[in-house]
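Asker: Sharing a structure here in structure tokens format.
FYI, it's all coordinate maths here, none of it is from the lab. None of these values were measured; they are calculated from a predicted model. No Cβ is skipped: glycine too gets one built from the backbone with ideal geometry, and neighbour counts run over all protein chains shown.
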Amino acid sequence: KKDTIILGIETSCDETAVAIVKNGNEILSNVVSSQIESHKRFGGVVPEIASRHHVEQMTMVLEEAFNTAELSWDSIDAVTVTEGPGLVGALLIGVNTAKALAFAKQKPLVGVHHIAGHIYANRLETEFKFPLLALIVSGGHTELVLMRDHGNYEVIGQTRDDAAGEAYDKVARMLKMPYPGGPHIDRLAAEGEETITFPRAWLEDGSYDFSFSGLKSSVINKIHNAEQRGEVLKKEDIAASFQASVIEVLTKKTLRAAKEYNVKQVIVAGGVAANKGLRARLQEEFDEIDVPLLIPPLHLCTDNAAMIAAAGTIAYEQGKRSGLDLNANSSLPL
Ligand code: KG4
Ligand code: ZN
């Protein structure tokens, strides 16, 4: 059988990324241009700045992806691109680039869901076994997704307010840590102790949904109240206490869903999957019930285009095609 070579483009947030992937599981090139430095002084991603960066970076990143893979357009079977969800202005740069390339090079065009990409980042490392459960935790998402087959996604739980990464970033900001705050909280938490018991949002019995805004408010109130009394709380302890609450809820709900659906694999994806505390706790729990836990290496956890090409390969092989009227959709359902 002939190899399937897929080009992937990702611009949903602040990474301009292009990759070329063979057969959905082998990276031939994976180029990511990050803009974190440009957004840092604003304490978060500024949509207009993100879009401008994508326009400036795209041609270079694209060229580098082809150079690294040592391939020409002749070898490319299809152009795949993140169509949503994400920042609409940022998504539009990727979508329009993909449409122009597909039209000019006469290649099939396939729109890809960003979260499908995060899940398929794992297939670049390990073959999937179904049913599988994916926990997606990033700056924009907190979702539990059940997959009974390739390209088949059932969202069984999601956040009702803030995403897990968003909560990390907001708490980090309160502790005067730079953006993105997740890694800083993770580091502080390792040096602190859970001296404050923050609430765990379990929601209704049996629910796989999440909520992090109450926790975030508790942390903010705790800091304010202490300040007013002239007390100083140790940053490390606040971080450890906050992280303990996030990790416990994420781990317990994932574990319960894995048992209920009798899954053969559990996948963790998205930027928060980089969290050392979360990884350790999940590993411990899933070792105990003997279910393999898949967490991609750090560079595949965060936004990249290899994951889009990997998810795009399955969509392409299943016959999905997008027209040249493909549009960016900031709230695309999975
Ligand atoms: O997947 P990602 O790179 O971009 C989105 O699609 O959102 O995720 C970024 C998020 C940020 O909120 C960042 O603070 C968080 O992932 N993050 C972490 C860690 N590393 C990154 N959160 C907790 N612990 C970490 N070690
Ligand atoms: Zn992402």
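Asker: Please determine, by comparing only the residues of the range 22-37 that are under 19 Å from the mean Cα position of the chain (by Cα), away from ligand 1 (no atom under 15 Å from the Cβ) and of a type in the set (A, V, I, L, M), which one is surrounded by the most Cβ atoms within 10 Å (Cβ to Cβ).
Answerer: VAL31
Asker: Answer yes if at least one residue in the range 89-106 is within 16 Å of ligand 1 (Cβ to nearest atom) and either surrounded by fewer than 22 Cβ atoms within 10 Å (Cβ to Cβ) or part of a loop (DSSP other than H, G, I, E, B) (or both), and no otherwise.
Answerer: yes
Asker: Being free of Cβ contacts under 8 Å to residues at least 60 places away in the same chain, closer than 13 Å to ALA17 by Cα and not hydrophobic (A, V, I, L, M, F, W, C): is that true of GLU64 here?
Answerer: Yes; evaluated as a whole, the condition is true for this residue.
Asker: As an exercise: evaluate ARG160 against (1) over 20 Å from THR251 (Cα atoms); (2) surrounded by fewer than 20 Cβ atoms within 10 Å (Cβ to Cβ) and give the number of the one condition it does not meet.
Answerer: Among (1) over 20 Å from THR251 (Cα atoms); (2) surrounded by fewer than 20 Cβ atoms within 10 Å (Cβ to Cβ), ARG160 violates only (1).
Asker: Further, regarding this structure: Could you count how many residues in the range 121-145 are under 16 Å from the mean Cα position of the chain (by Cα) and either more than 12 Å from ligand 1 (Cβ to nearest atom) or not in a helix (DSSP H, G or I) (or both)?
Answerer: 16
Asker: Please work out which residue is farthest from ligand 1 (Cβ to nearest atom), limiting yourself to the range 179-198 and to residues that are out of contact with any Lys or Arg (no Cβ under 6 Å at 6 or more places or on another chain) and touching a residue at least 60 places away in the same chain (Cβ under 8 Å).
Answerer: The extreme case among them is ALA190.
Asker: Turning to a different aspect of this structure: State the number of residues belonging to the range 212-240 that are under 24 Å from the mean Cα position of the chain (by Cα) and buried (at least 20 other Cβ atoms within 10 Å of the Cβ).
Answerer: 5
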